[in-house]
Amino acid sequence: MTWFLDYNAGAPRDPRVRAYMESLPLEAEVNPSSPHTQGRKARAFLEEARERIADVLGVAASEILFCSGGTEANNIAALTGFEHAKRHAQRVAVSPIEHPSLAVPLARLLAGENDAMSLHLEIDAGGRAVVRDQEVDLGFFSLTHAQQETGVLQQPSRFATWARKSGALLHSDASQSLGRVSVSDVVPGFDMVTFSPQKCGGPKGIGVLYIRTGCEIQPVLEGGAQEMGRRPGTQGAALALGAARAMELAAAEQESRARSMSAAVTAFTDGLLARSDCRILFADSARLPNTICVDASPVEARLLLPALDLAGLYVSFGSACSSGSFEASAALLASGVARERANCCLRISVGPETGSAEMQVAATRFCETLSRIRQNAVGVSFDSHSDGG
C-alpha cells in the first residue's frame with residue numbers, strides 16, 4: 001500500500017478534468033492565433049475558458065491572463081511591482097516565506113538598488129507575517145495567501161489598507177488555496193493574484209494571473225502579442241479549458257473538500273501523536289485544511305525521507321521547487337524554528353480524495369519507520385522541544 005501525501009507540490013489530475021479534456025475536439029489543440037477556421041474555433045475555446053475562470057473568481061474576463069504556470073505568474077507580478085515601486089521611489093514589502101518564484105526574482109531586482117528600497121516583513125512564532133513599521137511609503141506589497149510549507153494562512157487582506165495609503169500595487173500568491181480555502185478576501189481588493197490550477201486537480205503547464213483592470217503589467221517574455229499583448233507565446237486552449245473545469249469544481253466543492261481533508265489530516269495527526277513524540281508545528285495557527293508540518297526531531301529529513309519512500313509514504317521536505325537540497329526551510333527559520341529542528345521537519349499534504357481510514361494506517365507506518373530510524377540515530381545533543389513553532 002502507498003500513500004501520496006505531497007499534494008502541495010502538485011495534485012494528481014482530477015479524473016473528471018482528465019475525462020473532460022480527453023473529450024475535447026481537435027480544435028482545442030490548434031493555435032488560437034491561426035486565422036483559419038480551426039484556429040478561430042481554438043480562439044473561441046480559449047476565450048470560453050477565460051470567461052469561465054473569470055466567473056469563478058467574480059472578475060472580468062479581460063482581467064484573466066494565461067501563462068505557463070504559477071512560477072511565471074509570480075515572476076510577472078514581481079517585475080511589475082518592482083518597476084512600479086522604483087518609478088515612484090517607494091519601497092517593496094515582501095516576506096521571507098514567499099515561494100521562490102516570487103522571492104528569487106525580487107531579490108535579484110532589489111540587489112541592484114539601495115537597501116532602503118526593501119521592507120522585509122517579519123514572521124511571528126505562529127508563522128504569520130507582521131508589519132512593524134506602517135509609516136513607510138510603499139510601492140509594492142506581496143504576501144502569500146497560504147504558505148506552501150507550513151500551511152499557515154496569512155490573510156494578506158489585513159494589510160491592504162496600510163499598503164494602499166501610498167498607492168502600492170498589491171499581489172498575493174494564492175496557488176495553494178484553490179479548493180481548500182476561500183480566495184474572496186484577496187481577489188476584489190488586490191491588483192494581482194496568482195493561481196495554479198494544478199494544485200486543485202487541473203493540468204500542469206498552465207497558470208492564471210488575475211490582473212485588476214488599470215494595472216499595467218511588465219511582461220517577462222518578449223516576442224508576440226498574445227494575451228492582449230501581455231504575455232507572448234502560443235496559448236493552449238485545451239489546457240485553459242482543463243484549468244477552467246478544475247477551478248469550477250474546486251470552487252463548487254471547496255467546503256466539502258476542506259472538511260474531508262481536515263478529517264484526513266486529523267486522523268493522521270491523532271495517530272502520529274499517539275504513537276510518537278513528534279510535534280505538529282503551528283498547530284495553533286489557522287492553516288490550510290490539508291497541510292501539517294511534522295517535527296520528527298532528532299531524525300533529520302535527509303535520513304527519514306528515503307525510509308518513508310521505501311515504506312510507501314510520499315512526503316516532502318520544504319518546497320518542491322527547492323527539494324533535493326535538504327537546506328533548512330526559510331519559512332521555518334523565519335518563524336523562529338532552530339535550524340536543527342527545521343532540518344527535521346516534513347510536510348504532509350493531502351487531497352480531497354484522501355480517506356481518514358487510510359491516513360490512520362499511514363500514521364502507523366510513519367511511526368514504525370521513524371522508530372527504526374531513531375534506533376540508529378547518534379550524536380544528537382539539542383533539545384528538540386525547546387524553541388520556536
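Amide H to amide H distances under 5 Å link I123 with V130, where only residues 5 or more positions off or on other chains count and H is placed in the peptide plane.
Among beta bridges identified by DSSP and lying wholly in the stretch 75-216, the antiparallel ones come to about 35 percent. Annotation: amide H-H contacts under 5 Å for W3 (H modelled 1.01 Å from N, sequence separation of 5 or more, or interchain): L313, Y314.
So if a site counts as exposed when it's one of the GluC sites (Glu not before Pro), its DSSP state isn't H, G, I, E or B, and it has at most 11 other Cβ atoms within 10 Å, what's the longest stretch of the chain without one?
Numbers: sites that count: E135, E216, E222.
Answer - 223-389.
The fraction of accessible area contributed by carbon and sulfur in the stretch 1-114 is 53 percent, rounded to a whole number (1.4 Å probe; ligands and nucleic acids excluded). By DSSP, the beta bridges lying fully in the chain are antiparallel in about 55 percent of cases. Each stretch of four or more DSSP H residues adds -39500 (n - 2.57); spread over every residue of the chain, this sum gives -11500 deg cm²/dmol at 222 nm.
Taking only the alpha-carbon positions of the stretch 177-313 and ignoring solvent, what does the Debye formula give for the base-10 log of I(q)/I(0) at q = 0.14, 0.17, 0.18, 0.22 Å⁻¹? One equal scatterer on each Cα of the stretch 177-313 leads to -0.88, -1.06, -1.11, -1.33.
Residue separation of S256 and R302 scaled by 0.36 nm, minus their Cα-Cα distance, works out to 13.1 nm of gained length.
Computed from backbone phi with θ = phi - 60° and the Karplus coefficients 6.51, -1.76 and 1.60, the 3J(HN,Hα) list for the stretch 189-196 is x, 10, 7, 9, 9, 8, 10, 10 Hz; x is used for glycine and proline. Relative to one another, the C-alpha centroids of the stretch 232-277 and the stretch 117-171 are positioned 25 Å apart.
Can you tally the net charge around E368? Count Lys and Arg as +1, Asp and Glu as -1, for every other residue whose Cβ sits under 12 Å from the Cβ of E368. Please list the in-between numbers first.
Working: positive: R275, R365, R372, R374; negative: none.
Spelling it out: positives minus negatives among the neighbours equals +4.
Straight-line reach only, C-alpha to C-alpha below 22 angstrom: list the lysines that K165 could link to, leaving out same-chain residues fewer than 8 apart. Cα-Cα hits under 22 Å: K86.
Applying 0.36 nm per residue to the separation of Q38 and T161 and subtracting their alpha-carbon distance, the gain on full extension is 39.5 nm. On the beta carbon distance between Q375 and A125, with R0 = 30 Å, the FRET formula returns roughly 0.40.
Put simply, the amide H of V152, placed in the peptide plane, has neighbours under 5 Å in Q147, L288, leaving out anything fewer than 5 places away on its chain. Charge tally for L119 (other residues, Cβ to Cβ under 9 Å; Lys, Arg +1; Asp, Glu -1): 0. Exposed loop positions in the chain were taken to be trypsin sites (Lys or Arg not before Pro) whose DSSP state is not H, G, I, E or B and which have at most 14 other beta-carbon atoms within 10 angstrom. Between these positions, the longest stretch is 166-389. Using the Cβ of L310 as centre and a radius below 14 Å, the other residues enclosed give a net charge of 0, where K and R count +1 and D and E count -1.
The eigenvalues of the Cα gyration tensor, multiplied by 5 and square-rooted, give the chain an equivalent ellipsoid with semi-axes of 36, 27, 17 Å from largest to smallest. Per-residue 3J(HN,Hα) values for the stretch 48-61, derived from phi via the Karplus relation 6.51 cos²θ - 1.76 cosθ + 1.60 with θ = phi - 60°, read 4, 4, 4, 5, 5, 5, 4, 5, 4, 8, x, 10, 7, 4 Hz in sequence order (x marks Gly and Pro).
The values are calculated or read from the model by the stated rules, or taken from the named source; none is laboratory data. It should be emphasised that the depicted structure is a prediction, and the values quoted were computed from it without experimental measurement. In this analysis, Cβ positions are derived from the backbone assuming ideal geometry, glycine residues included, and neighbour counts consider all displayed protein chains. These accessible areas exclude ligands, DNA and RNA; they are computed on the full protein's heavy atoms, side chains included. Shrake-Rupley method; radii C 1.70, N 1.55, O 1.52, S 1.80 Å.
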